[in-house]
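Engineer: I'd like to ask some things about the structure below.
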Amino acid sequence: MKLSNLITTIDSQIPIVAIDVLSPEEATIIQWLTTEVMDKLNSPVYFWNLGVSGLEQCLIADDGGLVFKSVETYKKPHNIDPLIYVFEYINNFGGNGVFILGDVHPFVGKNSLQLSWEILTRVKNLYHRLKPTEKRIVFLGQNIQLHESLLRLIPCCEVPLPSIEQIQDHLESYLLYLQESASEQEVTFTISLTTEDKETLARAA
């Protein structure tokens, strides 16, 4: 599945999808997904992973940046597995929403040492229970390889690496920003990169 088809897939009867993305790009994808879901599906977006103490709502600030706001109703008891609890919370959630769950795939992954049959079963149960609702789950992580029993249920899309041209465009934009910033502050700023140097940088990136 292509990333461009993700919103259409989420809006269909497929309640769980996966996005395979390199770690440095995760924030960019969360920001993009939040904007797309809010604009096209009119749905709130939430984020969770094991490193976050609770569930957070994803919001877009006035300057276009990504903002996380704690969800006050999410209160995990101390004696419950956090992953099991977030699944239960989503299952019992009373509204619509897209829940981005980061780095869950090792617990439902093919040949993973962390594979949990309990988690795997809960994911399959949740898949069928969420179908008639307006709640959706997005697994987000790097090198996602789902267990065989989930492959036909959960479509996965891979975020491609940027092209040389895209990196060069970004580099040119950044250099222009540095020039303008230096000019505003009356600071001398010289770019000594040749076209060949810029291409070498882009290829290295």
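Engineer: Near residue 110, which aspartates and glutamates are there with a Cα under 18 Å away, not counting those fewer than 8 places off in the same chain?
Structural biologist: Qualifying aspartates and glutamates at Cα under 18 Å: 20, 118, 148, 158.
Engineer: About its Cα centre, what dipole magnitude does segment 23-111 give when the only charges are +1 on Lys and Arg Cβ and -1 on Asp and Glu Cβ, stated in debye to the nearest 20?
Structural biologist: Charge dipole of segment 23-111: 300 debye, to the nearest 20.
Engineer: What angle do you read, to the nearest 10 degrees and between 0 and 90, between the alpha-carbon axis of helix 195-204 and the longest principal axis of the chain?
Structural biologist: Helix 195-204 and the main axis of the chain meet at about 20 degrees.
Engineer: Here is a follow-up. Working from Cα positions, state the angle (0 to 90°, nearest 10) between the long axis of helix 82-92 and the longest principal axis of the chain.
Structural biologist: That works out to roughly 70 degrees.
Engineer: Further question: Around residue 133, which amide H atoms from residues at least 5 apart in sequence, or from another chain, sit under 5 Å from its own amide H, with H modelled in the peptide plane?
Structural biologist: none
Engineer: Let me ask you something else. Taking H placed 1.01 Å from N in the peptide plane, check which residues at least 5 places from residue 140 or on another chain put their amide H under 5 Å from its amide H.
Structural biologist: Sorted by chain and number, the residues that satisfy this are 19, 101, 102, 103, 104.
Engineer: Moving on. Pull out a ≥ b ≥ c, the square roots of the eigenvalues of the alpha-carbon gyration tensor of segment 116-162, then state rounded if a/c is under 1.5, prolate if not and a/b is larger than b/c, and oblate in the remaining case.
Structural biologist: In terms of gyration-tensor shape, oblate.
Engineer: How much mean residue ellipticity at 222 nm does the chain get from its helices, if each DSSP H run of length 4 or more adds -39500 (n - 2.57) and you divide by all residues, to the nearest 500 deg cm²/dmol?
Structural biologist: Result for the chain: -11500 deg cm²/dmol, rounded to the nearest 500.
Engineer: Once the whole set of protein chains is in place, how much accessible area is left on residue 93, using a 1.4 Å probe, in Å² to the nearest 10?
Structural biologist: 40
Engineer: Out of residues 5 or more away from residue 16 or on other chains, whose amide H comes under 5 Å of its own, with H placed 1.01 Å from N in the peptide plane?
Structural biologist: 137
Engineer: Here is a further query. For Cα pairs less than 8 Å apart in space and 6+ apart in sequence, what is the mean separation divided by the residue count of segment 71-177, i.e. the relative contact order in percent?
Structural biologist: RCO, segment 71-177: 28 percent.
Engineer: Please work out whether segment 1-89 counts as rounded, prolate or oblate from its C-alpha gyration tensor, where a ≥ b ≥ c are the square roots of the eigenvalues and a/c under 1.5 means rounded, while otherwise a/b larger than b/c means prolate and anything else oblate?
Structural biologist: It is prolate, given that a/c is not under 1.5 and a/b is the larger ratio.
Engineer: For segment 97-164 and segment 25-66, compute the distance between their C-alpha centroids and round to whole Å.
Structural biologist: Comparing the Cα centres of segment 97-164 and segment 25-66, I get a distance of 18 Å.
Engineer: Could you pull out every one of the aspartates and glutamates with an alpha carbon less than 19 Å from that of residue 75, ignoring same-chain neighbours closer than 8 positions?
Structural biologist: Counting by Cα, and skipping residues close in sequence, residue 75 has these aspartates and glutamates nearby: 56, 88.
Engineer: Pop out the carbon and sulfur fraction of the accessible area of the chain as a percent, whole number, probe 1.4 Å.
Structural biologist: 49
Engineer: By how many degrees, 0 to 90 and rounded to 10, does the Cα axis of helix 164-184 deviate from the longest principal axis of the chain?
Structural biologist: 60
Engineer: Same structure, new question: Can you tell me the accessible area per residue over segment 113-161, all protein chains present, probe 1.4 angstrom, in square angstrom?
Structural biologist: 60
Engineer: Quick check on the chain: take the gyration tensor over C-alpha atoms, sort the square-rooted eigenvalues as a ≥ b ≥ c, and tell me if it's rounded (a/c under 1.5), prolate or oblate.
Structural biologist: Prolate.
The values are calculated or read from the model by the stated rules, or taken from the named source; none is laboratory data. As the structure is a prediction and not an experimental result, all values here were calculated from the model. Ideal geometry is used to build each Cβ from the backbone, glycine not excepted, and the neighbour counts take in all protein chains shown. Just so you know, the surface numbers come from the protein's heavy atoms only, side chains and all, with ligands and any DNA or RNA stripped out. Shrake-Rupley method; radii C 1.70, N 1.55, O 1.52, S 1.80 Å.
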